[in-house]
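Peer 1: Here it is, the structure, as structure tokens.
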């Protein structure tokens, strides 16, 4: 057979083969007539999470009012702990102490500053009668950051109380390595093999026989703060000179 005669046959066979294969069947609509989902897109879609959630660490939460710094803790104790601690500044050469006054069913609270000579130099009213009972927590929350900032600026530090048990005439003061004795309104100090030495009340102010409740030694300044039962106030503050 010649080449000319074979060409139509090959072409016809090729055409028949292509016709038999035919085009791919179109996608069939699912039963019920619902639309066809897009499988490729849904399989690779990103999770529905904010893109920045894991891209960067969350910012730290703001500190609560008052914080937990030593200055804030001291401020809170002065306002609410009734003399468990007082504040002393070697820079300002002053004590800052809480003084509470009660009358009938009400009370008031002040913060009072005393210099190293025992003289009162400043009074800050915290709450008046009626306020202390109803608003003290609110007032404290507002005052803590203010006082903490002042303490840090003016160098106030915490001085812990050494309680003076009721009825006792003598106590040990470990931080001073001495004994304190209070008898008939006079305060004295004695050490090992040393005779008692009377302490001088500064500023012309002394407890005059009132029961002591706590003392606050400041060894670096050779001073002793003292709380004693008061007349109008629940406790009055005094300053003594240490030897």
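The values are calculated or read from the model by the stated rules, or taken from the named source; none is laboratory data. Owing to the predicted nature of the structure, the values given are computational and were not obtained by experimental measurement. Here the Cβ is made from the backbone with ideal geometry for all residues, glycine too, and neighbour counts use every protein chain on show.
Peer 1: What number of residues within segment 187-201 are part of a strand (DSSP E or B), touching a residue at least 12 places away in the same chain (Cβ under 8 Å) and under 14 Å from residue 223 (Cα atoms)? I'd like the intermediate steps shown before the answer.
Peer 2: Keep residues of segment 187-201 that are part of a strand (DSSP E or B), which gives 187-190, 197-198, 200-201.
From the residues that got through so far, the ones that are touching a residue at least 12 places away in the same chain (Cβ under 8 Å) too are 187, 189-190, 197-198, 200-201.
When the remaining residues are screened for being under 14 Å from residue 223 (Cα atoms), the result is 187, 189, 198, 200-201.
Number satisfying all stated conditions: 5.
Peer 1: Now for a different question. Inside segment 222-235, can you point out the residues that are surrounded by fewer than 19 Cβ atoms within 10 Å (Cβ to Cβ) and either modelled with pLDDT of 95 or more or assigned to a loop (DSSP other than H, G, I, E, B) (or both)?
Peer 2: 222, 230, 231, 232, 234
Peer 1: Here is a follow-up. Can residue 68 be described as free of Cβ contacts under 8 Å to residues at least 40 places away in the same chain and part of a loop (DSSP other than H, G, I, E, B)? Can you show your working first?
Peer 2: Details: free of Cβ contacts under 8 Å to residues at least 40 places away in the same chain: yes; part of a loop (DSSP other than H, G, I, E, B): yes.
Against the criterion (free of Cβ contacts under 8 Å to residues at least 40 places away in the same chain and part of a loop (DSSP other than H, G, I, E, B)), residue 68 qualifies.
Peer 1: Taking the criterion of being in the same structural domain as residue 79 (by TED's automatic domain parsing), out of contact with any strand residue (DSSP E or B) (no Cβ under 8 Å at 6 or more places or on another chain), closer than 22 Å to residue 226 by Cβ and touching a residue at least 24 places away in the same chain (Cβ under 8 Å), would at least one residue in segment 152-168 satisfy it?
Peer 2: No, segment 152-168 contains no residue that is in the same structural domain as residue 79 (by TED's automatic domain parsing), out of contact with any strand residue (DSSP E or B) (no Cβ under 8 Å at 6 or more places or on another chain), closer than 22 Å to residue 226 by Cβ and touching a residue at least 24 places away in the same chain (Cβ under 8 Å).
Peer 1: Another question, then. Please verify whether residue 85 is touching a helix residue (DSSP H, G or I) at 6+ places or on another chain (Cβ under 6 Å) and at pLDDT below 95, treating the condition exactly as stated. Before the answer, list the steps.
Peer 2: On the way: touching a helix residue (DSSP H, G or I) at 6+ places or on another chain (Cβ under 6 Å): yes; at pLDDT below 95: yes.
When the stated conditions are applied, residue 85 passes them.
Peer 1: Here are some conditions: (1) at positive phi; (2) in contact (Cβ under 8 Å) with a residue 40 or more places away in the chain; (3) over 20 Å from the mean Cα position of the chain (by Cα). Residue 95 meets all but one. Which one does it not meet?
Peer 2: Going through the list (1) at positive phi; (2) in contact (Cβ under 8 Å) with a residue 40 or more places away in the chain; (3) over 20 Å from the mean Cα position of the chain (by Cα), residue 95 breaks only (1).
Peer 1: May I pose another question? Select from segment 202-221 the residues that are in contact with a strand residue (DSSP E or B) (Cβ under 7 Å, 6 or more places away or on another chain) and either without any contact (Cβ under 8 Å) to a residue 60 or more places away in the chain or in a helix (DSSP H, G or I) (or both) and list them in ascending order. Walk me through how you get there before you give the answer.
Peer 2: Kept after step one, since they are in contact with a strand residue (DSSP E or B) (Cβ under 7 Å, 6 or more places away or on another chain), are these residues of segment 202-221: 202-203, 205-207, 210-218.
Within segment 202-221, 202, 203, 206, 207, 210, 211, 212, 215, 217 meet the criteria.
Peer 1: What about residue 140, is it closer than 26 Å to residue 104 by Cα, buried (at least 16 other Cβ atoms within 10 Å of the Cβ) and within 33 Å of the chain's Cα centre (by Cα)?
Peer 2: yes
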